[in-house]
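Structure, as structure tokens:
The values are calculated or read from the model by the stated rules, or taken from the named source; none is laboratory data. The structure displayed is predicted, hence computed values, not measured ones. Neighbour counts are summed over all protein chains in view; Cβ atoms, including those assigned to glycine, are modelled from backbone coordinates with ideal geometry. Only protein heavy atoms, including side chains, enter the accessible area calculation; ligands, DNA and RNA are left aside. Shrake-Rupley method; radii C 1.70, N 1.55, O 1.52, S 1.80 Å.
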There are 2 protein chains.
Amino acid sequence: NETAKAELGRATWKLMHTMTLRFPKKPTQDEREALNSYFHLMSRLYPCGECAAEFQQLLKRFPPQTSSRLAASQWLCALHNEVNKRLHKPIFDCAHVDSTYDCGC
Amino acid sequence: NETAKAELGRATWKLMHTMTLRFPKKPTQDEREALNSYFHLMSRLYPCGECAAEFQQLLKRFPPQTSSRLAASQWLCALHNEVNKRLHKPIFDCAHVDSTYDCGC
Ligand SMILES: Cc1cc2nc3c(=O)[nH]c(=O)nc-3n(C[C@H](O)[C@H](O)[C@H](O)COP(=O)(O)OP(=O)(O)OC[C@H]3O[C@@H](n4cnc5c(N)ncnc54)[C@H](O)[C@@H]3O)c2cc1C
Ligand SMILES: Cc1cc2nc3c(=O)[nH]c(=O)nc-3n(C[C@H](O)[C@H](O)[C@H](O)COP(=O)(O)OP(=O)(O)OC[C@H]3O[C@@H](n4cnc5c(N)ncnc54)[C@H](O)[C@@H]3O)c2cc1C
């Protein structure tokens, strides 16, 4: 069921991008470790086996950048573009990531 | 911006419910700890301050159930109903959680 897989992917990207864009600008060590662990656990628990395996490979090649909000959000945008490339989807301009994801908070 | 907050909420519930419904039926200790940590980190990093605070309180009152797929998915359904109650939304019948979330995988 490709529709369900796509909907789950969209929901997950939305949550993850919004999360990095609300991550502290100057995170503590503890906050940095929380974000790093979050992505690693997500890649293990993501409920699409094929995608989870790919996610884990990507995290090895591109470890989470957690030094600041900007670093984290640009890192995730680049990671998403790696998935886009593999799936032959358009590459997103990471300069626009800020204005695309509004958490309403 | 209430629309953005609601969309983020929907995306997050979708991911979390689908995740519990794909969680192993007989998880290892390591898998159980991964799911437990995932929810605790999510409650810290969730990009809506008011919701994150509420999420953390709920996890204290109702710690994640990780002994099986059924335990985890029914626990999350009950937790979501606690949020529904507070927001005056209809209570969801947890007997139907299985058929509502298809990950397409
Ligand atoms: C970790 C992970 C791995 C996945 N692996 C697979 C897989 O192996 N096979 C598979 O079929 N599907 C996979 N998916 C799902 C896939 O990435 C898409 O979510 C799904 O195909 C729906 O695509 P979409 O075209 O709606 O846009 P999505 O890729 O879901 O993106 C949603 C929206 O985000 C915006 N966007 C696009 N690129 C970026 C970017 N770089 N940064 C910020 N915003 C952006 C655009 O507005 C886009 O419409 C995976 C999803 C995740 C989260
Ligand atoms: C952890 C968390 C805390 C939140 N706290 C707040 C808050 O404090 N204030 C605020 O305004 N918003 C909060 N939200 C957002 C809120 O819960 C909703 O997501 C949002 O209001 C959109 O609601 P909705 O009516 O579309 O349905 P949602 O509650 O988003 O549910 C989406 C769909 O899931 C199904 N569903 C409903 N109940 C259940 C259930 N118990 N089990 C399984 N499936 C179910 C239904 O089909 C429903 O349409 C929070 C979200 C999360 C994830």
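Please compute, for peptide A:41-54, the average count of beta-carbon atoms on other protein chains lying within 10 Å of each residue's beta-carbon.
Numbers: counts 10, 6, 0, 5, 12, 6, 13, 5, 3, 1, 2, 2, 0, 0.
Mean number of neighbouring Cβ atoms from other chains: 5.
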Practice task
For helix B:69-86, report the angle its Cα long axis makes with the longest principal axis of the Cα atoms of chain B; keep it between 0 and 90° and round to the nearest 10°.
Solution key: 10 degrees
Completion exercise
Restricting to Cα pairs under 8 Å and 6 or more apart, the percent relative contact order of chain B works out to 33 percent
Fill in the blank from the handout: Longest principal axis of chain A (C-alpha) makes with the long axis of helix A:49-61 (C-alpha) an angle, in degrees to the nearest 10, of 40 degrees
Exercise for the section: Quick one: among A:64, A:24, A:90, which has the greatest mean-square fluctuation in a GNM of chain A with alpha-carbon springs under 10 angstrom? Expected result: A:90
Practice task
Could you state the orientation-averaged shadow area of the convex hull built on the Cα atoms of chain A, in nm² to one decimal?
Solution key: 6.8 nm²
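Using heavy-atom solvent-accessible surface (probe 1.4 Å) with all chains present, what is the largest-first order of B:73, A:37, A:68? Please report the intermediate quantities before stating the final value.
On the way: B:73 5, A:37 50, A:68 30 Å².
If we order B:73, A:37, A:68 from most to least accessible, we get A:37, A:68, B:73.
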Handout entry: Chain-alone versus full-assembly comparison, region A:9-39, residues with accessible loss of at least 30 Å² (1.4 Å probe)
Key = A:11, A:14, A:15, A:19, A:34, A:38
Practice task
With everything on Cα atoms, drop me the angle between helix B:29-45 and the longest principal axis of chain B, reported from 0 to 90° to the nearest 10.
Solution key: 10 degrees
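R0 = 45 Å: FRET efficiency of residue A:87 with residue B:84, Cβ-based, nearest 0.05? Write down the numbers at each step before the final one.
On the way: r = 35 Å, r/R0 = 0.77.
The formula returns an efficiency of 0.85 here.
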Fill in the blank from the handout: Residues of region A:58-105 that bury at least 10 Å² of accessible area, probe 1.4 Å, when all protein chains are present rather than the chain alone, are A:102, A:103, A:104, A:105
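Keeping the other protein chains in place, figure out the carbon and sulfur percent of the accessible area of chain A, with a 1.4 Å probe.
Values: 2840 of 5530 Å².
Roughly 51 percent, rounded to a whole number.
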Handout entry: Centroid-to-centroid separation of region B:1-62 and region A:1-76 [C-alpha atoms, Å]
Key = 14 Å
Practice task
Note the buried accessible area between A and B here, summed over both chains, with a 1.4 Å probe, in Å² to the nearest 100.
Solution key: 2500 Å²
Exercise for the section: Roll a 1.4 Å probe over the protein chains and send me the accessible area per residue for the protein assembly as shown in Å². Expected result: 53 Å²
Problem - Computed [θ] at 222 nm, deg cm²/dmol, the protein assembly as shown (DSSP H ≥ 4; -39,500 (n - 2.57); rounded to nearest 500) - result: -22500 deg cm²/dmol
Handout entry: Spacing of the two label points (7 Å from each Cα toward its C-beta) at residue A:25 and residue A:4, in nm
Key = 4.4 nm
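Filter the cross-link list A:5/B:60; A:5/B:5; B:26/B:89; A:26/B:85; B:14/B:85; A:85/B:26 down to pairs whose alpha-carbon distance in this structure exceeds 27 Å.
Details: A:5/B:60 32 Å; A:5/B:5 23 Å; B:26/B:89 33 Å; A:26/B:85 36 Å; B:14/B:85 18 Å; A:85/B:26 36 Å.
A:5/B:60; B:26/B:89; A:26/B:85; A:85/B:26, as the Cα separations exceed 27 Å there.
Over all pairs of distinct alpha carbons, what does the Kirkwood formula give as the hydrodynamic radius of the protein assembly as shown, in Å?
Values: mean 1/r = 0.0569 Å⁻¹.
Computed over the protein assembly as shown, the radius equals 17.6 Å.
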Practice task
May I ask for the net charge around residue B:68, where only other residues with Cβ less than 12 Å from the Cβ of residue B:68 are counted and Lys, Arg are +1 while Asp, Glu are -1?
Solution key: +3
Practice task
Sum up the charges of everything whose Cβ sits under 14 Å from the Cβ of residue A:58, counting Lys and Arg as +1 and Asp and Glu as -1, but leave residue A:58 out.
Solution key: +2
Problem - Rough spin-label spacing in nm, given labels placed 7 Å along Cα→Cβ, for residue A:98 and residue B:98 - result: 4.9 nm
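Which order do you get for B:10, B:86 if you rank them by accessible area with a 1.4 Å probe, largest at the top? Each step should come with its number before you reach the end.
Numbers: B:10 150, B:86 105 Å².
The ranking, largest first, comes out as B:10, B:86.
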Handout entry: Charge dipole of chain B about the Cα centre (unit charges at C-beta), most positive-ward option of B:104, B:53, B:67
Key = B:67
